[in-house]
Each structure stands twice: as structure tokens, then as C-alpha cells.
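So the structure is just underneath, and the comments pick up after that.
The values are calculated or read from the model by the stated rules, or taken from the named source; none is laboratory data. All figures in this text were calculated on a predicted structure; none of them were measured in a lab. As a convention, Cβ positions derive from the backbone with ideal geometry for all residues, glycine included, and neighbour counts pool all protein chains shown. Ligands, DNA and RNA are stripped out before the accessible areas are found, and what is left, the full protein with its side chains, is counted by its heavy atoms. Shrake-Rupley method; radii C 1.70, N 1.55, O 1.52, S 1.80 Å.
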Amino acid sequence: MSLWNPLVQADTAGGVVDGVTDEPGCTCVGIVIAVPEPMATELRNARASFGDPMAAVIPAHITVVTTTETDDWDASAEHVRRVAANHAPFDVSLRGTATFRPVSPVVYLRLDEGYDECTALHKEMQSGPLARNLPFPYHPHVTVAHDVSDAGMDSAMHTLRHYGARFTVNTIGLFEHDATGLWKLREEVELRG
């Protein structure tokens, strides 16, 4: 079972973050598309060079469903499997940088290809047992700098402005947020449509 934190929850002392609690007994789901090697290592090293302390613990990924509470893990997992079975594998092309500043201190890689497929996957996944209102519209991306200095953000924008990579998405990772605050990969779910 893999341990990593693809979806950082800011409040580690307990309480509510973006409408999600981290109280004991709360089970949360996260669904991501992992960026494969060698791009994952390239992006981890780049993220670290921009001063992002989370580079070592958050592998490069595209979030499909961010931290979402569930009171029925089995129903949620079955929902994820059912949705994935109806989606075919697809290609993602990462091309250049953009930012959510000033709304959010994030620099990311844009999806030149695969944006529509990620959005469709998200829309179907974030329904049924995983339905919830999100504070921002869904925007698939790969974060390369988050909560770093302005100089670090500017460096990320400039350094990766011509970055390009392409990979095929065949699976999505279904993660569970455990009581220790870590994310555990529970299942790699195949896209089979």
C-alpha cells in the first residue's frame, strides 16, 4: 500500500478545511492521475528548486477529485470503478506554465491535451456518493509551486514556461485519507471505456 499526500489538507490540528473535517472516524476519498516517470522526478526536482517543501512528499499528479468525505467507503469505491469503466484511456500533454495568483498562490503546468477528458472524469466522479460543492471550478493541472515566495513563484513560471511532456492515462489512483493524516493508495482503477 502506497503512502503519500496528493491532496494537502492545511489544518493538521483538527477541525474543518474547505468543508471537510479531519475528525477521528472521518473517511475521505481522493482521486488522482499520477504523472509517470521520468516526468515525475523531473517535476519533483523542479518543485523543490522553487523552495516548495512539499516537493518531497507530493508526487506530480492531476487531481480528479479533491479531499471528499464519505460515510460509505464501499459505495464510493464502487462508484469510482463504475465511472472509470465507462471512460477510455486518454493522452495528456503538459505544455507551459500558468498561475492561479492572486486568488491562490499556485503555479502549475497547463494541460494542452486531456483537459476535456479530465474534466468529464471529474464531473462524473464528483457525483453520487462523492457529490459536494467545491469552492472553485474544477481546473485540471499539475502543481509545480504552492505557497512559496513570490521569487519562487516567478522562477517556476519562467523556468518551466517551455516545459512539455506527454503520457497516456490508463489508470486513476483511489486514495483514502487515514487517521494519521496520510493518504493511502487503496486501488489503481483502470479506465476501460
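Any idea of the accessible area per residue across the chain, 1.4 Å probe, to the nearest Å²?
Working: 9530 Å² over 193 residues.
Each residue of the chain exposes 49 Å² on average to a 1.4 Å probe.
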**Request:** Give the shape of the chain as rounded, prolate or oblate, defined through the alpha-carbon gyration tensor: a ≥ b ≥ c are the square roots of its eigenvalues, a/c under 1.5 means rounded, and otherwise the shape is prolate if a/b is larger than b/c and oblate if not.
**Result:** oblate
**Message:** What does the C-alpha gyration tensor say about the overall shape of region 85-130? Classify as rounded when a/c is under 1.5, otherwise prolate if a/b is larger than b/c, or oblate.
**Reply:** oblate
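Counting pairs of alpha carbon atoms under 8 Å apart in space and at least six apart in sequence, what relative contact order in percent does the chain give?
Numbers: 383 pairs, mean separation 61.8, N = 193.
With pairs under 8 Å counted, the relative contact order is 32 percent.
Please work out whether region 51-152 counts as rounded, prolate or oblate from its C-alpha gyration tensor, where a ≥ b ≥ c are the square roots of the eigenvalues and a/c under 1.5 means rounded, while otherwise a/b larger than b/c means prolate and anything else oblate? Don't skip to the end; give the middle numbers.
Values: a/c = 2.17, a/b = 1.59, b/c = 1.36.
Prolate, since a/c reaches 1.5 and a/b exceeds b/c.
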**Complete:** Applied in sequence order to region 177-193, the curve 6.51 cos²θ - 1.76 cosθ + 1.60 (Karplus, θ = phi - 60°) yields integer Hz couplings, x standing for Gly and Pro, of 7, 9, 5, 7, x, 9, 9, 10, 6, 8, 6, 8, 9, 6, 8, 10, x
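Would you work out what percent of the accessible area of the chain, with all protein chains in place, is carbon or sulfur (probe 1.4 Å)?
Numbers: 4890 of 9530 Å².
C and S fraction of accessible area: 51 percent.
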**Complete:** Here the net charge surrounding Asn170, from other residues whose Cβ is less than 11 Å away from its Cβ (Lys, Arg +1; Asp, Glu -1), is -2
**Request:** Mind checking which of Thr99, Leu134, His61 is farthest towards the positive end of the chain's charge dipole, using Cβ charges of +1 (Lys, Arg) and -1 (Asp, Glu) about the Cα centre?
**Result:** Thr99
